[in-house]
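The values are calculated or read from the model by the stated rules, or taken from the named source; none is laboratory data. These figures come from a predicted structure and were not determined experimentally. Please note: Cβ atoms are built from the backbone with ideal geometry, for glycine as well, and neighbour counts cover all protein chains shown. For the accessible areas, the whole protein counts, side chains as well, though only heavy atoms, and no ligand, DNA or RNA atoms are used. Shrake-Rupley method; radii C 1.70, N 1.55, O 1.52, S 1.80 Å.
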Amino acid sequence: NFQSNNYGLGGVGNDHVLADAQDGSGTNNANFGTPPDGSSPRMQMFLWTAPTPDRDGDLDNGIITHEYGHGISNRLIGGPSNTSCMGNAEQMGEGWSDWFGLMMTMRPGDQRTDARGIGTYALAQPVNGGGIRPAPYSTSFSVNSYTYASTNNTSLSQPHGIGFVWCTMLWELTWDLIDAYGFDPDLYNGTGGNNIAMQLVIDGLKLTACNPGFVDGRDAILQADLATYGGAHQSLIWGAFARRGLGFSASQGSTSSRTDQVEAFNLPVNNSLGVLAALAP
């Protein structure tokens, strides 16, 4: 957490967020510097100059949540005293942050095939605009067709493009859970699929290896489901990831390499059948 007073609930206090609105040191961007637990992070929000007139990034809830999300992932992966675990080529920090932005701005009535862009307000676009990623987020392959193999394409930027593919997978998982358990607008005490997704991803971050790749991130979520829900969602989790190429046989290779990822759409062995199931996009 980032609080001056932790009220005796653990962690080191005196690390409230220093948030700069309309920071004049840059434009068309935002950032979040995360020091170890006990030291205050700094969020810098800039003006966006592409629209006319300029747009204030501070009014784009998705961007603010995205930046705060960097603090969450940096503090949880590797532990609160080690905030240097995501400097490798395949790290998915931007993806986790995009996902937090999507999750915190969901509304009742949203559909899995809706197009959800990142930074749409800052670019003066509608909510379903293209945003600042290679494609909007959607479970529809006609809107977003990216799979794990897409990370091998070096024209996809790093870290934002790599993270975009990871968030695409987390979005599949989120909507599979919502289809199974419904959507609950109560973000704190809700019991919907969106709440389960948030719990799994947060717990998964705590279990994710330092300098992670996609397989590490997937396996951490599977492990989190075993620890938190007794493995109740294993098949659903496998199905969501396999749909985007992070199936049972997928290989991340070296997490410091951009070009050695191997996608696979298969599920784990079904012991009763003795075969591997396959999922086509």
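Figures for the structure shown
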read-out: Choice from PRO80, PRO36, PRO126 showing the highest fluctuation, given a GNM over the chain with Cα pairs closer than 10 Å; value: PRO126
read-out: Distance histogram in 10 Å bins (all Cα pairs of region 1-58, percent per bin); value: 25, 36, 24, 13, 3
read-out: Evaluated at q = 0.12, 0.16 Å⁻¹: base-10 log I(q)/I(0), Debye formula over Cα of region 120-218; value: -0.48, -0.84
read-out: Degrees between helix 160-181 axis and first principal axis of the chain (Cα, 0 to 90, nearest 10); value: 60
read-out: Equivalent-ellipsoid semi-axes of the chain, from the Cα gyration tensor, Å, largest first; value: 29, 22, 19
read-out: Pairwise label distance in nanometres, ALA209 with SER256, each label 7 Å out on the Cα-Cβ vector; value: 1.4
read-out: Computed Rg/Rh of region 194-235, alpha carbon atoms with Kirkwood Rh; value: 0.96
read-out: Relative contact order of region 52-175, pairs being alpha-carbon contacts under 8 Å that are 6 or more residues apart, as %; value: 26
read-out: Additional length obtainable on full extension of the chain from ILE202 to ASP186, 0.36 nm per residue less Cα span; value: 4.1 nm
read-out: Cys residues of the chain counted as unpaired, since no other Cys beta-carbon is under 4.7 Å; value: CYS167
read-out: Loop sites in region 1-71: chymotrypsin sites (Phe, Trp or Tyr not before Pro), DSSP, at most 13 other Cβ within 10 Å; value: TYR7
read-out: Extended-chain gain in nm, criterion 0.36 nm per residue less alpha-carbon gap, ASP179 and THR49; value: 42.9 nm
read-out: For the chain, share of DSSP beta bridges that run antiparallel, in % to the nearest 5; value: 70
read-out: Amide N of region 29-46 lying under 14 Å from the label point, which is placed 7 angstrom from the Cα of SER4 along Cα→Cβ; value: 40
read-out: List ILE178, ILE64, ordered by accessible area with a 1.4 Å probe, largest first; value: ILE64, ILE178
read-out: GLN234-VAL143 pseudo-label distance in nm [points 7 Å out on the Cα-to-Cβ vector]; value: 3.2
read-out: Per-pair calculated FRET efficiency, R0 = 35 Å: ASN14 and THR113 via Cβ, rounded to 0.05; value: 0.20
